[in-house]
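Here's the structure, in structure tokens; my notes come after.
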Amino acid sequence: MHDNLFEPITMGALEAKNRIFMAPLTRGRAADPMFTPNELMATYYRQRAGAGMILTEATGISQEGLGWPSAPGIWSAEQAEAWKASTNAVHEEGGLIVMQLWHMGRIVHPYFLGGNPPVSASATTAPGEAHTPEGKQPYAQARAMTLDDIKRTIDDYRNAAQNAKNAGFDGVQLHGANGYLIDQFLRDSSNLRDDDYGGSAQNRTRFMREVLEVLIDVWGADRVGIRLSPNGETQGCDDSNPAETFGAAAKVIEELGLAFLELREPGPEGTFGQTDVPKQSPLIRTLYSGPLILNSDYTAAQASEDVASGKCDAVSFGRPYISNPDLERRIAAGAHFNPNKDVPKSWYFPIPEGYVDYPTLEEEREQAA
């Protein structure tokens, strides 16, 4: 079934065995000690090593940039050492694992910052409420980053990239999507600056470019990718001219020669975010010549069709990989997908249930025999 999804693909120095990728998925299992990965996470990633490429859950580059309970970090040597259990597990199964580097910007609640405000491109406030260990709390107004803040944060990205390399990852992906810090700089609803980092679309891509340049300095462009969400509002971030903004971003990515670009593009009936804003992937496809990965509410048939047509080179599946550790095998066999259970409780609680206890297709068949 869907043979074209099982063709290998080269992305810079990265060699993926198939085109069914595992999208980044925050799961909140790094509970003890806080922000440090553990053996439970290693089991989870090992189970899913059949994906062509695993993009890890978003991983904090600094304490300042991480505001999600029990999410992992990569700013310390101890965290890097703890991540080795996961990278070794995936490599032992013949898999490819790339770390997604994350700074949440204004989405970080002051709870995680000793009461201090979060930082962002401008002094704006995200809508809604933050998840904290003390329950949901309204977001606070961010502090506009100074030039010194920007330099310091770029240095944090460099440190995180080096730690990811020390931890044994195959590459890194910059999280530039979903209303987090990079996205807050890219979009004109959240970037109100009047200096070199604001105003024109080209200026608003400057911070993204400078972060990518330090990641490339550590890894080489052939092991660096990025994720963007170019259509529609997400966590209060929106843009008045997404074609101009993300066209400018795509030109930077092309110029830097990144190994791959992943786009999260919901539609009007999306199950995680809905929008009527047109998808920008057709435009971006004309501006970025490297491997393009698409994401959001794909079925196996739709993925196969879009790869066959040349619309994209691979598809990343998110929530289907939560409850189907062997998703690629199920697609190959034309088998059903297990549904997610106890949603969203099982997504984020730091427990094994709803995380590493989903059966493979083979186990299901053995149980039924």
(request) Could you check which residue among 175, 131, 336 shows the biggest mean-square fluctuation in a GNM of the chain with a 10 Å Cα cutoff? (result) 336
(message) If you restrict to DSSP beta bridges whose two residues both lie in the chain, what percentage is antiparallel, to the nearest 5?
(response) 20 percent
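Structure shown: which of 17/251; 165/251; 151/279; 84/151 lie over 31 Å apart, alpha-carbon to alpha-carbon? Intermediate results must be reported in sequence, preceding the final value.
Numbers: 17/251 28 Å; 165/251 27 Å; 151/279 33 Å; 84/151 29 Å.
Those over the limit are 151/279.
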(message) Can you match Rg and Dmax of the Cα atoms in Å to one of these, [x] 21.6, 68; [y] 28.2, 121; [z] 19.3, 67, based on a calculation from the structure here?
(response) [z]
(request) Enumerate the calculated ³J(HN,Hα) couplings along segment 337-353 in order (Karplus 6.51 cos²θ - 1.76 cosθ + 1.60, θ = phi - 60°), each rounded to whole Hz, writing x wherever the residue is Gly or Pro. (result) 9, 5, x, 6, 10, 6, 6, x, 3, 6, 6, 10, 6, x, 9, x, 4
(request) Considering only 310, 199, 318, give the residue with the highest GNM mean-square fluctuation for the chain, with springs between Cα atoms whenever their separation is below 10 Å. (result) 310
(message) If you average the alpha carbon positions of segment 15-64 and of segment 99-167, how far apart do those two centres end up, in angstrom?
(response) 20 Å
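Relative contact order, percent, of the chain when contacts are C-alpha pairs under 8 Å separated by at least 6 residues?
Over the chain, the number comes to 18 percent.
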(request) List every residue whose amide H lies under 5 Å from the amide H of residue 178, counting only residues 5 or more places away in sequence or on a different chain, with H placed 1.01 Å from N in the peptide plane. (result) 229
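No value in this document is a laboratory result; all are computed from the given coordinates. No experiment lies behind these values; they were computed from the predicted model shown.
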